[in-house]
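Notes for the one structure printed next.
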Amino acid sequence: MAKIVVEVMLKPEILDPQGNAVASALPRLGFSVAKSVRQGKRFEIEVEGEPTASQIAQVEKAAEVLLSNPVIETYVVRVEK
Amino acid sequence: MRVGVITFPGTLDDRDAARAVNRSGAQAVLLWHGDTDLKKVDAVILPGGFSYGDYLRAGAISRFSPVMNSVIEAAGEGMPVLGICNGFQVLCESHLLPGALTRNSDLHFLCRDQEIEITNNMTPWTTTFSLKERIVIPLKNGEGSFQCDDKTLAQLEDEGRVVARYVGENPNGSRNLIAGISNERGNVVGLMPHPEHAIDPLTGPTAQGLGFFTSILNSMVK
């Protein structure tokens, strides 16, 4: 079953204290890889069969109106098999 | 003078807000999130709490509740609306106020008595305060950091729409120490700290929060 996925991230200029907390926890556990961390949200919206253009358009609209707050966040919508 | 107090699922401070309204001399009218009827109130308060469990984002789900359609319509016609804490978050999500409230910069839930300065005493919710009057009322929130883009911030400052500012160290990372703002018309005010918890020295740090409730009574009676 295909999924329409919406990923929501805080805009780069908005402070992300959760991401910062994760970034400072990583080296304490020996993971020295991260220069910085940003934390976001992922929504998986299941549809019957292949998503149609109109279904994707509906999710785009929902992402703009409900799933994200355009004042502080950006979103991307894509289809995953 | 009838002041509506809305209860959403997860609202905490509706009883205190209603008590503060009654203490000021106005009549509190309890409103339910699922109703569209505002019961002929003259003003509305959106109290604090965790409406809809803060799911998705604080205030994001409440914004679409039936009562909010009526509040948005009434606010457009000039009805005074005060959103406290979670109510402030709902007003931002409803686009009645600009900006957004995000996680406190230090990630801690704050609960303390906070000094704030009244920086606009022309709104119907702040008329009984003098300009730059400093009051102490409780501040309790996890997501109280006021954020907006530079253009919006400049607009809020230029138009005198910052209603209250934190005094001293920034408690939550809010831009320009903003504790409360108003819409362009001034009838809609959002406030992060809690005046309804400071109406009686027996139960609050001061009785200075009462000024918000006597203000609305005075503005409406005039």
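A few points about this structure:
- Pair list, Cβ under 8 Å, 6 or more apart: region B:142-156 residue within 8 Å of chain A (Cβ to nearest Cβ), other residue polar (S, T, N, Q): B:SER145/B:THR102; B:SER145/B:ASN104; B:SER145/B:SER105; B:SER145/B:ASN172; B:SER145/B:SER174; B:GLN147/B:THR102; B:GLN147/B:SER174
- Output for region B:103-140, where each listed residue is polar (S, T, N, Q) and in a loop (DSSP other than H, G, I, E, B): B:ASN104, B:SER105, B:THR119, B:ASN120, B:ASN121, B:THR123, B:THR126, B:THR127, B:THR128, B:SER130
- Any hit, region B:45-54, residues being in contact (Cβ under 8 Å) with a residue 12 or more places away in the chain, surrounded by fewer than 24 Cβ atoms within 10 Å (Cβ to Cβ), within 14 Å of chain A (Cβ to nearest Cβ) and aromatic (Phe, Trp, Tyr): yes
- Residue count for region B:74-95, restricted to those that are within 14 Å of another protein chain (Cβ to nearest Cβ) and not polar (S, T, N, Q): 6
- Residue in region B:192-206 that is in a helix (DSSP H, G or I), among the β-branched types (Val, Ile, Thr) and surrounded by 23 or more Cβ atoms within 10 Å (Cβ to Cβ) present: no
- Every pair of residues 6+ apart whose Cβ atoms lie under 8 Å, when the first sits in region B:96-108 and is at the interface with chain A (Cβ under 9 Å from one of its Cβ atoms) while the second is assigned to a strand (DSSP E or B) and of a type in the set (Val, Ile, Thr): B:PRO98/B:ILE181; B:GLY99/B:ILE181
- Among the residues listed as B:GLU143, B:GLU184, B:GLU169, the single one being among the acidic types (Asp, Glu), under 21 Å from A:LEU10 (Cβ atoms) and in a loop (DSSP other than H, G, I, E, B): B:GLU143
- The residue pairs whose first member lies in region B:68-94 and is aliphatic (A, V, I, L, M), whose second member is modelled with pLDDT under 95, and whose beta carbons are closer than 7 Å, counting only pairs six or more residues apart or on different chains, are B:MET68/B:SER62; B:VAL90/B:SER51; B:VAL90/B:GLY59; B:VAL90/B:SER62; B:VAL90/B:ARG63.
- Complete set of residues in region B:55-68 that are out of contact with any Leu (no Cβ under 7 Å at 6 or more places or on another chain) and more than 14 Å from chain A (Cβ to nearest Cβ): B:PRO66
- Any hit, region B:50-65, residues being under 26 Å from B:ILE137 (Cα atoms), in a strand (DSSP E or B) and not aliphatic (A, V, I, L, M): no
- For A:ALA21, the stated conditions do not hold, so it cannot be described as in a loop (DSSP other than H, G, I, E, B), over 28 Å from B:SER94 (Cα atoms) and of a type in the set (Gly, Ala, Ser).
The values are calculated or read from the model by the stated rules, or taken from the named source; none is laboratory data. Predicted model, so just to flag it, every value in this text is computed and none were measured. Virtual Cβ from ideal backbone geometry, glycine too; neighbours counted across all protein chains shown.
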